Amino acid sequence: MSSSVKDMGITANSVREKKGGVPIVCLTAYTTPMAEIADEYCDLLLVGDSVGMVLHGLPSTLGVSLEIMIMHAKAVRRGTKRALLVVDMPFGTYEASPQQAFTNASRVMSETGCDAVKIEGGRRMADTISFLVERGIPVMAHIGLTPQSVNTLGGYGVQGRGEQQETVIEDAQAVATAGAFCIVIEKVPQTLATRITELVDVPTIGIGASSACDGQILVIDDMLGMFSSFKPKFVKQYASLAATSRAAIENYAEEVRNRSFPGAIHVFGDLA
Ligand code: KIV
């Protein structure tokens, strides 16, 4: 296929080649308008299963279905021209076997037009990662705090402290050897993120894992300040959209009630 038929933009391979270079900029995205804005500035957009908590009000990511992921991934695809588009495989759609993972990941790839999938888990997912990669599906791995395992981890706490450190390092090495093109490392101490980033030859993408990583990712609604009561230590709020939205809606409600909206400039006359 000639390059004029399909401009490849940023590929999984080009993300892998950014190891050790200028930090890789990643954000989650769930809708077309936000994808259009983020696409201009990001190397990678992730349709995270965090969509369940962020947009659907679910208590965890466990209730997110393949259909929800596909619907949001199609919307994000429409707004994404240059960034690499990665879609999270939701809980229960890939863990049973490499074959189950391939059946569902290939459906996600073909129905949404995304460029890669993300799966949670370290050593236990290594065989699945190589199975997918050998069959043409680029995989972003996710280790450290893996929110789909909240019930076995016992919460959303920091991972990899003390003796646990070696386990997370083994996870990182296993998914890198299996062929993941990059690794999300969530909520681990800076010293551990530094060691992993030095040890593996693919980029590490940190969330709560310090600037030692080869790139960073945040949940877009968190960094835009859409939640006034959810402020984890690792999130920097670059805007206060919750406060701005509240003020705008309060203003609108008042103007509707006192009939100052709609004003003269918002109404239609009899003549064209
Ligand atoms: O679901 C998600 O948004 C994620 C990122 C936080 C890495 O997995």
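When a 1.4 Å probe is rolled over the protein heavy atoms, the share of accessible surface on the chain that falls to carbon and sulfur comes to 56 percent. For the pair residue 243 and residue 170, the difference between a 0.36 nm per residue extended length and the Cα-Cα distance amounts to 22.0 nm.
Per-residue accessible area (protein heavy atoms, 1.4 Å probe) orders 186, 111, 40 as 40, 111, 186, starting from the largest. Look at the dipole of the chain built from charges on Cβ: of 131, 30, 147, the Cα furthest out on the positive end belongs to 30. Length gained on full extension, residue 251 to residue 22: 78.1 nm, using 0.36 nm per residue less the C-alpha separation.
On a full-extension model of 0.36 nm per residue, what is the gain between residue 14 and residue 32, subtracting their alpha-carbon distance, rounded to one decimal in nm?
Details: separation 18, 0.36 × 18 = 6.48 nm, distance 2.40 nm.
The residue 14-residue 32 span can extend by a further 4.1 nm.
Positive end of the dipole of the chain, charges at C-beta (+1 Lys, Arg; -1 Asp, Glu), about the Cα centre: which of 219, 100, 188 has its Cα farthest in that direction? Towards the positive end, the residue furthest out is 219.
The amide H of residue 184, built 1.01 Å from its N in the peptide plane, has 141, 142, 143, 205 as neighbours under 5 Å, considering only residues 5 or more places off or on other chains. In summary, the convex hull built on the alpha carbon positions of segment 138-225 has an orientation-averaged projected area of 6.0 nm².
In debye, nearest 20, what is the charge dipole magnitude of segment 153-269 about its Cα centre with +1 on Lys and Arg Cβ and -1 on Asp and Glu Cβ, if you could check? Don't jump to the answer; show the numbers that get you there.
Values: 9 positive and 13 negative charges, 122 e Å.
With Lys and Arg at +1 and Asp and Glu at -1, about 580 debye.
Evaluating 6.51 cos²θ - 1.76 cosθ + 1.60 at θ = phi - 60° for every residue in segment 161-166, the Karplus couplings come out as 8, x, 5, 5, 4, 5 Hz, glycine and proline recorded as x.
Lysine pair count for segment 12-240 (Cα-Cα distance under 28 Å; residues 8 or more apart in sequence or on different chains): 21. Each Lys and Arg contributes +1 and each Asp and Glu -1, all at the Cβ; summed about the Cα centre of segment 12-240, the dipole is approximately 280 debye. With both labels modelled 7 Å from their Cα along Cα-to-Cβ, the residue 201 to residue 228 distance reads 5.2 nm.
Counting heavy atoms of the protein chains alone, residue 8 has an accessible area of about 120 Å² for a 1.4 Å probe.
Each residue of segment 41-58 is assigned a 3J(HN,Hα), and the resulting list reads 10, 9, 7, 9, 10, 10, 7, x, 6, 4, 3, x, 7, 6, 10, 10, x, 6 Hz, derived from the Karplus form 6.51 cos²θ - 1.76 cosθ + 1.60 (θ = phi - 60°), x at Gly and Pro. Over the C-alpha atoms of the chain, the Rg to Rh ratio, Rh being the Kirkwood estimate, stands at 1.04.
Calculate, for the chain, the solvent-accessible area per residue in square angstrom, rolling a 1.4 angstrom probe over the heavy atoms of the protein chains. Present the calculation step by step, with values, prior to reporting the outcome.
On the way: 13950 Å² over 272 residues.
Result: 51 Å² per residue.
Expressed as a rounded percentage, what relative contact order does the chain have, with Cα pairs under 8 Å and six or more residues apart? Each step should come with its number before you reach the end.
Details: 500 pairs, mean separation 43.5, N = 272.
Computed over the chain, the figure is 16 percent.
The values are calculated or read from the model by the stated rules, or taken from the named source; none is laboratory data. What you are looking at is a predicted structure, and each value in this text was computed from that prediction instead of being measured. In this analysis, Cβ positions are derived from the backbone assuming ideal geometry, glycine residues included, and neighbour counts consider all displayed protein chains. Just so you know, the surface numbers come from the protein's heavy atoms only, side chains and all, with ligands and any DNA or RNA stripped out. Shrake-Rupley method; radii C 1.70, N 1.55, O 1.52, S 1.80 Å.
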